[in-house]
Every structure is written in C-alpha cells, then in structure tokens.
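Heads up: the structure comes next, in structure tokens.
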Amino acid sequence: MPLSPVLAFLGNSLDRCANQRSDGDWLSRLLMQPSTRHIRMSGDKTFMRDGHLQTFEAAKAPECVLLGVDASGTGWFASTAQAEENLMDLRSLAGAGTLPQGELAILAQARSLLHWHERHGFCANCGVKTEMRDAGYRRHCAACATDHFPRTDPVIIIAVRHKTRMLLGRHSAWPHGMYSTLAGFMEPGETIEEAARREVFEEAGIRVGDIAFHANQPWPFPSSLMIGLIGEALNDDIVVDPKELETARWFERDEVQSMLDKCHPQGLNAPLPLAIAHHLIRACLGANPGEAE
C-alpha cells in the first residue's frame, strides 16, 4: 500500500461550538439528531468498515465528548470503546492515506480528548472524583470547586544545519536505520527558541544560532503540538548524551536525499511523510544554506 505524502492530522474543519457546549439542552438535541456521527476509540485505535471511518448513531458510553459540528450541521461526538482485534490505529491510517485529511484530524482530536479524560477522573487538588462538564472540555470537582481543562504539550522539533550538512540522530527504540531531527518538550518559562537551543545542546552538544519557524502539527500520542523549526548550527563538534540519544551525526545533502528516497546504501532511512520531521528535512534540502522556507 503506498504511503500518503501528506502531513497527518491537519485540516480539522469542525466548529467546536465553544459558546454552546455548556448548554445542556442544546447538547442533548444535537446528540440525538439522526445525522449525528459518533466515533468510538480504544486508545489510538478506531473502527473502520470497507476503508471508511465507521461512526455510530448515538453514544453508548456514560461519558462522550463533543468534537464539534461540521458544515452541514451534523454533530460529531466520541467515546471510549472496548479493545477489539479489527480496530485500526492512527499511525497506520495516517500512513495509508485512505481517510480524508479532515477525518484523520478529527480522530486526532478525539484521541487526545478521550486520553485526557481517561487519566483525569480524579481531582489533582483534593483527590475526589470529578465530573465531565462543557461537553468534555472541562472536569469539575464538586468537593473543592476546582476546574480542570484538557492540556496540549508543546514539543519543539528542529532540523539543524551546518553549511551543507544536516544534524540527525536516533533513539535506540526506533526501527533499525531510522534517523530523524531532534525534538523535546518545552519546559516552564521557556520561549520556543530557548527550548530548541537547550534540547539540541543537551542531546548533541551543538549550539544553535538563528532559528526560523516552518510548520506545526497536532500529534495525538497522546496530546502534543509539534512546533517545527529550522536552525543554523554555530559549531559542528557533536557530543551525544547517551541518556537522550543512541547516536547523532552530520549528513551531507545527497545522503539525506537517499534516505528520503529509501535507497541509502547502508539502509538508513528518514521519518515517513505523516510526521513533521519528514517535511522539515525536505524543507532543509530545498533551501540554500542560511535560508529557511
């Protein structure tokens, strides 16, 4: 099956109805409309039928979340399902490219919201069980009146260049031969650029100067925002932190291109097109040294 060349999980066009979702009567009417589409997920897996996303007429779970309303006025909801053998995972769906981009993005939204609810059923302030409110966009603790809201974790991911070369690294858990751009979670009190410079220096001992934003991508594993950057290295002497990376090295442009084309003589390869790292690498190859798209 050919791989999709498109960056995954973008293109969610649903109206999330922030001004209506606290209205219980409005929500009940929307949920019970015959046209309502209801997604059921087990972890990052969902139901497919004949190559299409399978949705259900109404919720069969104690809690379901509102994803939004589409252009036709149809409501989209999601709830957790029991694991079954025939479910499809999001990475496979993204790589295959069989679903419309908008539906894949809706599944990413559902996965992130449901994962948050599964792990935040009790108040972090007092420990009492919380209740879902605002159609899934808030959990309320009646005991201490604390409200909890879904979180998205910002992650920087950066393609670093030095003259005509590109810095790529790998983790030991990755498939054999896989190299990618460096990435890491932002920490409290950091700007995007500060986080990128810190991560690259911690992992590979490389100081980064100029940084340009390139693209971003929701990443529902479980709920991150990948902030894609291109940076210029100030030095080229790599010092790998073995707790962070298995290895890292500089790759010449021709070698990187062969990795993208899957014809590297040593079997090395780059991330698939569903991931933002793939597109950062391509952007670097397409720009002259010192330029970022």
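Bear in mind that the values in this text are calculations on the coordinates, not laboratory data. What you are looking at is a predicted structure, and each value in this text was computed from that prediction instead of being measured. Cβ atoms come from the backbone with ideal geometry, glycine included; neighbour counts cover every protein chain shown.
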Could you work out the relative contact order of region 24-119, using alpha carbon pairs under 8 angstrom and six or more residues apart, expressed as a whole percent?
31 percent
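Quote the charge dipole size of the chain about the Cα centre in Debye, to the nearest 20; the model charges only the Cβ of Lys and Arg (+1) and of Asp and Glu (-1).
Numbers: 28 positive and 37 negative charges, 125 e Å.
Using only the charged Cβ atoms, the result is roughly 600 debye.
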Across the Cα atoms of region 153-286, what radius of gyration and what greatest pairwise Cα-Cα distance (Dmax) are found, in Å?
13.7, 44
Quick check: Cα centre of region 90-118 to Cα centre of region 241-255, how many Å?
30 Å
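Quick check on the exposure proxy: order Met32, Met41, Met178 from fewest to most C-beta atoms within 10 angstrom.
Met32, Met178, Met41
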Using only alpha carbon pairs under 8 Å that are at least six residues apart, calculate the relative contact order of the chain and give it in whole percent.
18 percent
Length-normalised contact order of region 153-286, Cα under 8 Å, at least 6 apart, in percent, tallies to 33 percent
Using Cα springs under 10 Å in a Gaussian network model of the chain, which residue among Gln109, Gln217, Gln54 shows the largest mean-square fluctuation?
Gln54
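Neighbour counts of other C-beta atoms within 10 Å: give me Lys163, Lys45 arranged from fewest to most. If you can, show how the numbers build up before the last one.
Working: Lys163 12, Lys45 22.
Ordered from fewest to most neighbouring Cβ atoms within 10 Å, Lys163, Lys45 come out as Lys163, Lys45.
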Among Leu66, Gln266, Ser223, the residue whose Cα sits farthest towards the positive end of the charge dipole of the chain (+1 at Cβ of Lys and Arg, -1 at Cβ of Asp and Glu, taken about the Cα centre) is Leu66
Using a Gaussian network model of the chain whose springs link C-alpha atoms within less than 10 Å, name the residue from Gly102, Gly267, Gly43 with the highest mean-square fluctuation.
Gly267
Going by how many other beta carbons lie within 10 Å of each one, how would you line up Leu67, Leu14, fewest first?
Leu14, Leu67
Work from the charge dipole of the chain (Cβ charges, +1 for Lys and Arg, -1 for Asp and Glu, about the Cα centre) and give the residue of His176, Gln109, His162 farthest towards its positive end.
Gln109
Taking every C-alpha to C-alpha distance in region 24-119 and binning by 10 Å from 0, the per-bin percentages run 16, 52, 29, 3
